[in-house]
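K.L.:
Starting off with a structure, shown below.
The values are calculated or read from the model by the stated rules, or taken from the named source; none is laboratory data. Owing to the predicted nature of the structure, the values given are computational and were not obtained by experimental measurement. With ideal geometry, Cβ positions are generated from the backbone for all residues, glycine too; neighbour counts draw on all protein chains shown.
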Amino acid sequence: MTTHHIGLAFDLIGDLFPDGTSKEVASYLNRKGPLPFGAIVREVNLSAVNIARSIATLAMHDLIECSSDNRSDSKRVLYAFSLQRALYILHYAKCIHCARQLYGFDGELIIEELLLNGKQRMSTLLIKVYERLIKAGKDPTVHSLQSIKETFKSLVSAHFLQRILIDETKPHIPITIEETSTNLVQIPELTPEGWKYLISNQQEDSNEPAAKKIKVPTPTFGDEKIFWKVNFQRFFAHLRDQELIHAFTSRIDSNAGEIVRTMLRLAEIKPNPERTISISFIDIAKTISAAGLQLTDETLQKYMNVITSDVNNCIIKIGDQGRGTYEVDFQKALSGLTKAHIQSFLRERYGSNALRIYNMLEERGCLSQKQIEDMAMINAKEAQQYVYSMFIDGMLTLEELSKANDFNPTRTFYFFRVNLYNGVLSLLDHSYKTMSNLMQRHQFEKERHRKLIDKRDKVEAIIHSLREQNADDEQIKEVEDILSPIEKEQIQKLDAAFRKIELAQLQLTETILLLEMFLSISKSVAPAQKKTGGRAVAAKLLETRS
Amino acid sequence: MASSHAKSEPMDTSTSLETSDFNPVNLESDIIQLCLQFPNGVTDKILENSFRNVTIQQRVSALNRLLSLNKIDLLKSSTEQGTFLYRIRDTTNVSGSSITIGGGATDQMERVVYQLVKESGTLGIWMRDIRTKTKLSQTILNKTLKSLESKKLIKAVKSVHASKKKVYMLYEMTPDPSITGGTWYSDHEFEAEFVRVLNEQCARLLDEQLEESIRKFPNDPFLRRTSSFMSSTDLVKLINEMGIATVSLTVQDIESILYTLICDGKIEKTTVAASTTNTDNGTKQNLYRSVKFMLESSPVVRNPCGICPVFKDCHDDGLITPETCIYLNKWLDF
């Protein structure tokens, strides 16, 4: 909940909803906590209608949560802003990309529509996606309604979409309940009239694109009360798996990456954030051969041997049923990956010597300044500098152990310790601020070169329309010459700059996701407190061994 | 008692004048014999009991002569308060004779200080410790140490860890490695360059081993892993053969260099039981292997904000903002 965290969340909301009302309402709610509608209208300087509209939109996106006021028995509805959900906006692009990779163009559009609209019924979704496909010029026979529905079904069965019902018991409050897992995959059956309407629309579109349609009242589709939304946790788990596979590929080789991919896919059946279910060797072997990778059983066995001893020991062999049963421990995997991120951060920012000190401290527990200087084989002055700058950044913590009862500085030991949790917190904060910085710069450059960009867009639109009308090349060239060569160069530079910024932002979201997942998975484990004494030391040894 | 003795003294001495010629010498040798019998010291009482026929005056004079001849030491008893012990002095101490050349009251102090310095062996003893043990004042102690140094009996050695601290040890002793720092220190300075060169060489050797193992076993990950290990003894041999260091390095030294490489994240270590090939091995052997990074670079540092030195001063509006940031300008080619 740092300043940068909140700042980034509002930047994202401002991006997604360009008019300022949503941002204002959201920031007001964030400051004051859950409030009823009346209070918001009184304080915020906007018309009640606008406020109501923005609250409705934000609620559709789950950015504002509605709850009933339990203290007073009144039927007031309280609106609360959800900061966590606001940050999910960062990952929209990645989710869409995932859907594209796994489910093709149809999947991409489905997810995109859902992300832009928050929640939707299946029927409306199908219609919209179909229309978009047709407009984009895709072949309607390949991307028919039926195929879109199939993609939808597969998305639901893989738990990428979540089903929601309106809570009937409290009719005045628009609370939605999320379905239990049994109902989760039930696709609503569309009524026959609804289906006929859709099909007739499809045929009409393909035959008479410009004909006037007779106004037919839209029939009921049978899924009025069933809404769908994107299941972010599932996407995040998928992205985390990608990172893990990538780590194994770079550590061992691509075959190991493939093996880990199959393991994770087999474990997708019952998603559990901490540990996967046990997967037997036979299953892995079967799936690998089905996927087309030619690995003999012995080679596979050897690979499993090597894999279990890498990346922080996150893949563990827990038994011998089925020629070996393996599990993936996500806590260890995430901590290994975040450690790699922190190490890379320290290496680039302070130098490899600072990284050496950090790793040394992690292994030895706690060391005093003098011991660090001796053990690290670095100049004493440099070592001091590194230790203190890492301390300021939050990667190390200081522990005081006093010889006497008063904490006289000459008679106390000062120990430095590595605290992974704190380090991740400070790195995450750094990433949030970097993200905001990049967004701010992007916005600024867009404003600065607005005229140029507008000009370029106009020229492109003219050229596009000329091309459709099959104009001569000369005319097109004339239009292109509206932009002078200097301007063309500038535009090129600008485009490259924007691309760079966007690429950096995209890669940064990967890190942010990883760090956030690590924090949420280790919230149950409190950061290291001051532990002295024999029992504490033994407990710590057990912790590191297991 | 004393007074009665004193009164009777003249009569005693007059009566035993003839016998007193050889009595003192005999008495001295007797006392020495007694001291030899009790190497831990002879108390006054024992002396009194053994030489009943001798007067206290004679005994005292004999003792004084022995003390001045440096044959015995006068010590205060720690078990009984107020009594004195006489201990035979170790005459095999050659330097003892050289001290006596100086003479005077400083003799005793020099001897005591010298004894302490000798006891400290190769580690040496700090001046403050000498002071607490001998309870001499600062100036007198300084004078004593200076005179001992000029006689080339002791020397001062500067510690490499605390540059102001000097320890004293006997002239002939070679200082213990913990004071001079060992292989990595020359002239009380840490040789960072030397350590760095060794670091790089070890990393390079292990990298070559890894590449070779990849070439040999492209299809077998397990063999690839096991053949890319090198033991610390092999590495020591190779490094010594390469001749980078003027002194030959021990396994211990190389292991500390390899430890820094582990902390750099470039290698990993395993310990196995003794191999059968190497005969002069202990029960454990350390194997090292070069590893690839899990992550080439974190996205946090792929943009200028990650390594910006003024990151904390950067705000939405102010002198340092993303909009006018010079690092971003350079990065975007503006």
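K.L.:
Can you say whether residue B:276 is at pLDDT below 85, more than 7 Å from chain A (Cβ to nearest Cβ) and outside any helix (DSSP H, G or I), as far as the supplied structure shows?
P.N.:
Details: at pLDDT below 85: yes; more than 7 Å from chain A (Cβ to nearest Cβ): yes; outside any helix (DSSP H, G or I): yes.
So residue B:276 passes the test.
K.L.:
Specify the residue that is modelled with the lowest pLDDT; the eligible residues are those in the stretch A:92-151 that are among the acidic types (Asp, Glu) and over 23 Å from residue A:15 (Cα atoms). Let's see the steps before the verdict.
P.N.:
We begin by selecting, within the stretch A:92-151, every residue among the acidic types (Asp, Glu); these are A:106, A:108, A:112-113, A:131, A:139, A:150.
Next cut, over 23 Å from residue A:15 (Cα atoms) only: A:106, A:131, A:139, A:150.
Numbers: A:106: 85, A:131: 82, A:139: 71, A:150: 84.
Looking at the filtered set, the residue picked out is A:139.
K.L.:
Let me ask something additional. Filter the stretch B:297-313 down to the residues that are more than 7 Å from chain A (Cβ to nearest Cβ) and either touching a residue at least 12 places away in the same chain (Cβ under 8 Å) or in a loop (DSSP other than H, G, I, E, B) (or both), then identify the one that is surrounded by the most Cβ atoms within 10 Å (Cβ to Cβ). I'd like the intermediate steps shown before the answer.
P.N.:
Quick first cut of the stretch B:297-313, residues more than 7 Å from chain A (Cβ to nearest Cβ) only: B:304, B:308-313.
Within this subset, residues satisfying the condition of being either touching a residue at least 12 places away in the same chain (Cβ under 8 Å) or in a loop (DSSP other than H, G, I, E, B) (or both) are B:304, B:308-310.
Details: B:304: 21, B:308: 19, B:309: 8, B:310: 10.
Looking at the filtered set, the residue picked out is B:304.
K.L.:
Kindly evaluate residue B:323 against the criterion of being surrounded by fewer than 19 Cβ atoms within 10 Å (Cβ to Cβ) and either more than 7 Å from chain A (Cβ to nearest Cβ) or closer than 30 Å to residue A:336 by Cβ (or both). Lay out the reasoning, then the answer.
P.N.:
On the way: surrounded by fewer than 19 Cβ atoms within 10 Å (Cβ to Cβ): yes; either more than 7 Å from chain A (Cβ to nearest Cβ) or closer than 30 Å to residue A:336 by Cβ (or both): no.
No; evaluated as a whole, the condition is false for this residue.
K.L.:
What is the residue count in the stretch A:419-434 for residues that are hydrophobic (A, V, I, L, M, F, W, C) and modelled with pLDDT under 90? Walk me through it before giving the result.
P.N.:
Just the residues of the stretch A:419-434 that are hydrophobic (A, V, I, L, M, F, W, C), to begin with: A:420, A:424-425, A:427-428.
Pick out the ones that are also modelled with pLDDT under 90 and you get A:420.
Counting residues in the stretch A:419-434 that are hydrophobic (A, V, I, L, M, F, W, C) and modelled with pLDDT under 90 gives 1.
A quick yes/no check of all residues on (1) within 14 Å of chain B (Cβ to nearest Cβ); (2) farther than 14 Å from residue B:303 by Cβ; (3) among the aliphatic types (A, V, I, L, M); (4) in a helix (DSSP H, G or I):
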residue: A:410; (1), (2), (3), (4): no, yes, no, yes
residue: A:414; (1), (2), (3), (4): no, yes, no, no
residue: A:425; (1), (2), (3), (4): yes, yes, yes, yes
residue: A:431; (1), (2), (3), (4): yes, no, no, yes
residue: A:436; (1), (2), (3), (4): yes, no, no, yes
residue: A:439; (1), (2), (3), (4): yes, no, yes, yes
residue: A:443; (1), (2), (3), (4): yes, yes, no, yes
residue: A:446; (1), (2), (3), (4): yes, yes, no, yes
residue: A:451; (1), (2), (3), (4): no, yes, no, yes
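K.L.:
Please specify each residue of the stretch A:342-371 satisfying the condition of being free of Cβ contacts under 8 Å to residues at least 60 places away in the same chain, within 8 Å of chain B (Cβ to nearest Cβ) and either outside any helix (DSSP H, G or I) or over 23 Å from residue B:194 (Cα atoms) (or both).
P.N.:
A:343, A:344, A:348, A:349, A:363
K.L.:
On to the next question. Name, by its number, the condition in (1) among the basic types (Lys, Arg); (2) farther than 27 Å from residue A:251 by Cβ; (3) within 14 Å of chain A (Cβ to nearest Cβ) that does not hold for residue B:224.
P.N.:
With (1) among the basic types (Lys, Arg); (2) farther than 27 Å from residue A:251 by Cβ; (3) within 14 Å of chain A (Cβ to nearest Cβ) applied to residue B:224, the lone miss is (2).
K.L.:
Can you tell me which residues in the stretch A:478-508 are under 19 Å from residue B:294 (Cβ atoms) and either surrounded by fewer than 17 Cβ atoms within 10 Å (Cβ to Cβ) or not hydrophobic (A, V, I, L, M, F, W, C) (or both)? Before you say what the answer is, go through the steps one by one.
P.N.:
In the first step, residues of the stretch A:478-508 are kept if they are under 19 Å from residue B:294 (Cβ atoms); the result is A:507-508.
Within the stretch A:478-508, just A:507 meets the criteria.
K.L.:
Residue by residue through the stretch A:291-337, note down the ones that are within 21 Å of the chain's Cα centre (by Cα) and facing another protein chain (nearest Cβ under 10 Å).
P.N.:
Listed by number, the residues that qualify are A:336, A:337.
K.L.:
Now for a different question. State yes or no: is residue A:316 assigned to a strand (DSSP E or B) and either surrounded by 21 or more Cβ atoms within 10 Å (Cβ to Cβ) or at pLDDT 80 or above (or both)?
P.N.:
yes
K.L.:
Ok, one more. Give me a count of the residues in the stretch A:372-398 that are within 11 Å of residue A:351 (Cβ to Cβ) and either in a loop (DSSP other than H, G, I, E, B) or within 13 Å of another protein chain (Cβ to nearest Cβ) (or both).
P.N.:
4
K.L.:
Are there any pairs, at least 6 apart or on different chains, whose C-beta atoms fall under 8 Å, with the first in the stretch B:104-126 and more than 16 Å from residue B:145 (Cβ to Cβ) and the second at pLDDT below 75 and not acidic (Asp, Glu), and if so, which?
P.N.:
B:121/B:173; B:122/B:173; B:122/B:174; B:122/B:175; B:123/B:178; B:123/B:179
K.L.:
What are the residues in the stretch A:32-48 that are surrounded by 13 or more Cβ atoms within 10 Å (Cβ to Cβ) and assigned to a helix (DSSP H, G or I), if any?
P.N.:
Across the stretch A:32-48, the qualifying residues are A:32, A:37, A:39, A:40, A:41, A:48.
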